[in-house]
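The structure appears right after this line, and notes come after that.
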Amino acid sequence: NGTTATVVVGQGALPGVSDGLIHPMDGEKEIPHYIEAIYAENQDGEVVALRELSLLEESPARFVFAIPEGTTSLTPYGFCNQHGLYRGASVAIEDS
């Protein structure tokens, strides 16, 4: 339907949230610390979008994708190589 969604890892990457944290994408450390993948599930728990990231990408980790037709909600996830899986808040998708 031409609508896109954006997933950004870190509250500080959101518009108007200047004091929030942004997850690092740090491949320069002895033990790298970064988001390995970002994905989104629809209302049925199906993965509808997935992006694997490089430890050399800049922070904040970001993923823009087309919302599949028939999607009524999306739940974002980010996988950190050191801290595991993070789940974001589900978002209702309105028909356009």
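Select from segment 84-95 the residues that are part of a loop (DSSP other than H, G, I, E, B) and either in contact with a helix residue (DSSP H, G or I) (Cβ under 8 Å, 6 or more places away or on another chain) or at positive phi (or both) and list them in ascending order.
Scanning segment 84-95 gives no hits.
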Worksheet item: Going through segment 1-16 one residue at a time, which ones are surrounded by fewer than 16 Cβ atoms within 10 Å (Cβ to Cβ) and either outside any loop (DSSP other than H, G, I, E, B) or free of Cβ contacts under 8 Å to residues at least 12 places away in the same chain (or both)?
Response: Thr4, Thr6, Gln11, Gly12, Leu14, Pro15, Gly16
Worksheet item: Could you list, in sequence order, the residues of segment 42-62 that are part of a loop (DSSP other than H, G, I, E, B) and modelled with pLDDT under 95?
Response: Ser54, Leu55, Leu56, Glu57, Glu58, Ser59, Pro60, Ala61
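Quick grid of which residues meet (1) in a strand (DSSP E or B); (2) modelled with pLDDT of 90 or more:
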| residue | (1), (2) |
| --- | --- |
| Ser18 | no, no |
| Ile31 | no, no |
| Ala40 | yes, yes |
| Val64 | yes, yes |
| Leu74 | yes, yes |
| Gln82 | no, yes |
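The values are calculated or read from the model by the stated rules, or taken from the named source; none is laboratory data. What you see is a predicted model, and the numbers here were worked out from it, not measured in a lab. Here Cβ is always computed from backbone atoms with ideal geometry, including for glycine, and neighbour counts include all displayed protein chains.
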